[in-house]
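A quick write-up on the structure given underneath.
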Amino acid sequence: MGIPAIIERLLRHGATCALAAMIPAFLCAPSQAAEAPDTKSSVVLSADEVTYDAELGLVVASGNVEIWQNDNILLADTLTYNERTRIVTAAGDVSLLDPNGNVLFANYMELSDDLQEGVIEDVKLLLSDRSRAAATSGKRTGGNRTELNHVVYSPCDLCAEDPTRPPLWQLKAVKVVHDQGEQIIEYEDVWLEIYGVPVAYSPYLSHADPFVKRKTGFLTPKVVISNKLGFGARIPYYWSLGPDKDITFRPLVTTEQGIVLDAEYRQRIVDGRFRMRGSATIADRTERDGGVKTTDQNIFRGHLDGDGRFDIDEHWRAGFNVDIASDKTYLRVYDLSDERFLTTRLFAEGFHGRNFTSLQAIGFQGLRDADDNEESPIVAPWFQYDYSGEPGAYGGYYNFDVDVLSLNRLDGRESRRLSLAGGWTLPYTAPAGDIYTLSASLRGDLYFYEGVDPASDDPDPAAGLTESGTKARLYPQLAFEWRYPFVRDHATMQQVIEPIAGIIVSPSGGNSGKFPNEDSQEVEFDDTNLFSTNRYGGLDRIDSGQRVNYGLKWSLIGNDGGHIGAFLGQSFQLNDDNRFMRDSGIEDNLTDVVGRFEVSPNQYLDLLYRFRFDLQSGEVDRNEINLRAGGKALNADLSYFFLRGDPDAGSEFGNRHEVAGRISSHFTDNWSAFTAARYDIEDSRALSYGGGLAYEDECFEIRSSVTRRDFHDEELRPDTRIELEIAFRNLGSIEAGL
C-alpha cells in the first residue's frame, strides 16, 4: 500500500464512512449505553454526559465520548449532531480506530449526514503497518471529491532517541485531491525527502485509486547500460482492456541498438487463461565462426513466448507453451532470458482416477553456439496412455502403457515409434516385517525409420551410411526385490539398518543400432536408479539382460527431526552384450559402486555426498558434494561436481569438473552481504564470480551486486554486470543494470 492507500484510508475510512456509519446513534433519543450490542449494526454510545436540546435540535455528548459500531471505535471530548443543519461534529482529541488496526487522530471533524460535505482539521493517521500520515486540513465536496492540504507520509519508524528527527524518507505534497468518481488521486508540488533533505521533486503526479485493482498507466522504468546496447531504459506501460484482459508494453530504448518493441498480452476466460509476449527490433548481430568475426547490420531480431491452460471438463485440460527466438543470442543480449534451449509445446491431457492420457506436439531450439537447429527434433504427434488398475485381493495390480511417437527433422534421420507395454505388480509385507515386490512385464516396440546409421547415434549421419526400414522387438522382463528394515530404538533417536536385494531377468540384446536412439543417449548411473528396472531415461534403448542388485541402507533419526544416513550398493550383470557407453558405470559385468552419505542434524547443517567408484580401475568416476552450513549471521553454500565422460565413447560431454560456492552474512539487523564464485577445474578457469551488498529496514531497501561472467558464445563475450535496486516501501522501486 503506497501513499495513495494512506490518503484513501484517511479520507474514506477516517473522515467519512466510519463517522457517518455512527450517525444513527445521534438520531436516537439521548441515552447512555453500557451493554454490548446484540447485532453488528447496533451502535453503542458512551459518555459522561449526553444532552438533547429540542428547541435548538442539538444532541451533545461530552466527556470521554466513545462510540462503537462494527468494530469501529470513535473517541472524542465532545460530539454534536445538529438536526436542523444535519451536521455531525467531533472535537477535542478525536481518534478513530477501525477493525484493521488503523488509528486516525484529529482536533476537529465535521460531516453532513448525507456524506456529501465534510471538513477535518489537524489530521494524523497511524496505520496497522506502522506507516504514518498527516495533513493540516481536509474537505469533502460533492460526495466524491476529497482534498487534503500540506500532506506528509512516511512508513519509516521514528528515531527512538529523538522522535523529532526526520525519518529516513518521507513524502510531502502541498495538495492531494482524490476523485472517487474518476478513481484517481492527484498530487501538486510533491517532494521526496531523505533525512529531511529534499532529493526529488515533481510539480504534478497522479495515479489510480489504490482500491482499484487495475488501472492504465506507466510502471516503474529500469535503466540499462551495456557495451552492446549502450545506455538505455525500459519504460513499461500498462493498459487495462477490461476486467479479464490487459496488455503491458515494455519498449527498450538504447543509444547503440535503437528501439526494441516489447509487449505482453494476458487474458483470463471462464475455464482458463493465456499469455503471449513478443519483442522485435532492427539491429546489428555479430557472429564468430572459427575465430572469424562477422557483423550483420540492420537485421530483424525478436522473440515470441507465451503459455495457456484451459480446463475442458473435470477430466481433461489443454494448453500450449510457445518459446521462439530469431537467433541464439538475442534473448541474452537484451536481458530477456538466460535459457540455453527453448521448447514449444502444444498438449491435451486427461486424468481419470489412476489413469493418464496425453497428446502433444513438441519443438526445440538450441541457443548454444554448438547447437545445430536444423537437426533439432520435431515431435508431432506424441500420444501416451498409462493405465494402472486397482489393487486386487492380495494387493496385486495391472498396468498398461501405450506410446506412439512421430519424430522429424529438417536435416537428419526421422522415425515413427509404437510401443505397447503391460505388466503386473505384487507388493507384499511378510509378518516378520520384510518387504517383497514381484513384477512381470512385456513390452513390444515397432519402429519405422529413415536415414539411420546403425553404427552411430549421429542425428544427421553422412550420406551413404544410412538405412531406412522397419524394425521390431519384444521385451519381457521379470523383477523381484526384497528389503528388510531392522529398527532399534535409542533414548533420543531411532536407528534403521535396511539390506536391499533384487534380481531382474530379461533376454539379452535388443538394442540394435537400427533402432534410432533419441531419448536414451545419456545414462547417469547412481544411487537413485540402482534398483530401477530401466536405467535408461527413455524407450529407445532397453535395459536388457540379467542382473542382481544389492545394497545396504543405514539411517539414524533423532526425535527432534535431525538425521544421518548412508547407502552403498552395486549390481552384478550376467550378460556382457549391453550397449552402455564407457564411463557410464554399468558397461562392465560388475558395475561401479554407488553410494551417498547425508548429514542433517539440525537447521544449520545439510550435507549430501554422492559418489560412484570403479572397483576395477580404483578411480572415482563421480563425486558430488552439496553443503549448506550456518544461519542468518553467516551462511555458506558449497557444491562440488565431478563426472567422468568420454566423447569418443558417445558421451555428449567430456569430463565435467566444477566447484561453486556462495557465502552470505546478515552481519547486522539491516546490513547483509554475499560473495559467490563458480570455477571450472577441468579447464582451470573461473566461470563467474562476484558479490553484493544490501541494506534493508522497515521502509527502505537498497541492493547492489557486481558479477563477472567468463562465457564465450557468438556475440556474447566475457562481461561484468552491475545491478542496483532502490526500493521505497509502498511506493515502488528503481532498477539499474550495467
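The values are calculated or read from the model by the stated rules, or taken from the named source; none is laboratory data. Just so it is clear, the model here is predicted, and its values are computed rather than measured. Virtual Cβ from ideal backbone geometry, glycine too; neighbours counted across all protein chains shown.
Some points to look at:
- Contact annotation: residue pairs with Cβ atoms under 6 Å, 6 or more positions apart or on different chains, pairing a residue in the stretch 71-82 that is in contact (Cβ under 8 Å) with a residue 24 or more places away in the chain with a partner that is outside any strand (DSSP E or B), are ASP71/PRO99; ASN72/ALA18; ASN72/ASP98; TYR81/PHE26.
- Which numbered condition ASP403 fails, given (1) part of a loop (DSSP other than H, G, I, E, B); (2) out of contact with any helix residue (DSSP H, G or I) (no Cβ under 6 Å at 6 or more places or on another chain): (1)
- Within the stretch 655-696, being touching a Leu at 6+ places or on another chain (Cβ under 9 Å), at pLDDT 90 or above and not in a strand (DSSP E or B) holds for HIS666, PHE667.
- Between GLU518, GLU481, the distinction of being touching a residue at least 40 places away in the same chain (Cβ under 8 Å), within 30 Å of SER600 (Cβ to Cβ), surrounded by 15 or more Cβ atoms within 10 Å (Cβ to Cβ) and of a type in the set (Asp, Glu) belongs to GLU481 only.
- Residue match in the stretch 646-654 (condition: in contact with a strand residue (DSSP E or B) (Cβ under 8 Å, 6 or more places away or on another chain), touching a residue at least 24 places away in the same chain (Cβ under 8 Å) and either part of a strand (DSSP E or B) or surrounded by 14 or more Cβ atoms within 10 Å (Cβ to Cβ) (or both)): no
- Test for VAL594: is it surrounded by 15 or more Cβ atoms within 10 Å (Cβ to Cβ) and farther than 22 Å from THR492 by Cα: yes
- Filter result for the condition that a residue is under 20 Å from GLY538 (Cα atoms) and either touching a Cys at 6+ places or on another chain (Cβ under 7 Å) or in the same structural domain as THR533 (by TED's automatic domain parsing) (or both), over PRO427, PRO381: PRO381
- Against the numbered list (1) in contact (Cβ under 8 Å) with a residue 40 or more places away in the chain; (2) touching a Pro at 6+ places or on another chain (Cβ under 7 Å); (3) among the aliphatic types (A, V, I, L, M), VAL88 comes up short only at (2).
Residue-wise test of (1) in a loop (DSSP other than H, G, I, E, B); (2) of a type outside the set (Phe, Trp, Tyr); (3) over 35 Å from the mean Cα position of the chain (by Cα); (4) surrounded by fewer than 16 Cβ atoms within 10 Å (Cβ to Cβ).
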| site | (1), (2), (3), (4) |
| --- | --- |
| ARG165 | yes, yes, yes, yes |
| GLN170 | no, yes, no, no |
| LYS175 | no, yes, yes, yes |
| HIS178 | no, yes, yes, no |
| TYR187 | no, no, yes, no |
| VAL190 | no, yes, yes, no |
| GLU193 | no, yes, no, no |
| SER202 | no, yes, yes, yes |
| SER206 | no, yes, no, yes |
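- Residues located in the stretch 616-629, provided they are free of Cβ contacts under 8 Å to residues at least 40 places away in the same chain and over 30 Å from the mean Cα position of the chain (by Cα): GLN616, SER617, GLY618, GLU619, VAL620, ASP621
- Residue in the stretch 171-188 that is farther than 30 Å from GLY142 by Cβ and either among the aliphatic types (A, V, I, L, M) or at pLDDT 85 or above (or both) present: no
- Looking only at residues in the stretch 296-310 that are surrounded by fewer than 16 Cβ atoms within 10 Å (Cβ to Cβ) and among the acidic types (Asp, Glu), the one that is farthest from THR281 (Cα to Cα) is ASP307.
- Selection status of TYR604, among the hydroxyl-bearing types (Ser, Thr, Tyr), touching a strand residue (DSSP E or B) at 6+ places or on another chain (Cβ under 7 Å) and under 30 Å from ASN670 (Cβ atoms): yes
- Candidates ASP313, ASP323, filtered to the one that is modelled with pLDDT of 90 or more, surrounded by 15 or more Cβ atoms within 10 Å (Cβ to Cβ) and among the acidic types (Asp, Glu): ASP323
A quick yes/no check of all residues on (1) part of a loop (DSSP other than H, G, I, E, B); (2) surrounded by 13 or more Cβ atoms within 10 Å (Cβ to Cβ); (3) modelled with pLDDT of 85 or more:
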| position | (1), (2), (3) |
| --- | --- |
| SER42 | yes, yes, no |
| LEU56 | yes, no, no |
| ILE67 | no, yes, no |
| LEU79 | no, yes, yes |
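- Checked against the criterion of being on the phi < 0 side of the Ramachandran plot, assigned to a loop (DSSP other than H, G, I, E, B) and of a type in the set (A, V, I, L, M), the candidates ILE564, ILE557, ILE542 yield just one match: ILE542.
- Residue match in the stretch 136-154 (condition: in contact (Cβ under 8 Å) with a residue 12 or more places away in the chain, surrounded by 20 or more Cβ atoms within 10 Å (Cβ to Cβ) and not in a strand (DSSP E or B)): no
- Qualifying residue in the stretch 539-553 (condition: free of Cβ contacts under 8 Å to residues at least 40 places away in the same chain and touching a strand residue (DSSP E or B) at 6+ places or on another chain (Cβ under 7 Å)): yes
- ARG596 assigned to a strand (DSSP E or B), in contact (Cβ under 8 Å) with a residue 24 or more places away in the chain, within 22 Å of ARG535 (Cβ to Cβ) and of a type in the set (Lys, Arg): yes
- Here ALA160 meets the list (1) within 20 Å of LEU125 (Cα to Cα); (2) outside any strand (DSSP E or B); (3) touching an Asp or Glu at 6+ places or on another chain (Cβ under 9 Å) almost entirely, failing just condition (3).
- Answer from GLY101, GLY138, GLY142 - the residue that is farther than 30 Å from PHE700 by Cα and assigned by TED's automatic domain parsing to the domain that holds ASP189: GLY142
- Residues in the stretch 567-591 that are surrounded by fewer than 17 Cβ atoms within 10 Å (Cβ to Cβ) and assigned to a strand (DSSP E or B): PHE572, LEU590.
- Taken over the stretch 245-283, the criterion of being out of contact with any strand residue (DSSP E or B) (no Cβ under 7 Å at 6 or more places or on another chain) and in a strand (DSSP E or B) is satisfied by ARG268, ILE269.
- Extreme residue, modelled with the highest pLDDT, among residues of the stretch 709-721 that are exposed (fewer than 15 other Cβ atoms within 10 Å of the Cβ) and assigned to a strand (DSSP E or B): THR720
- Residue tally, condition exposed (fewer than 15 other Cβ atoms within 10 Å of the Cβ) and either within 16 Å of GLY412 (Cβ to Cβ) or out of contact with any strand residue (DSSP E or B) (no Cβ under 9 Å at 6 or more places or on another chain) (or both), over the stretch 459-478: 5
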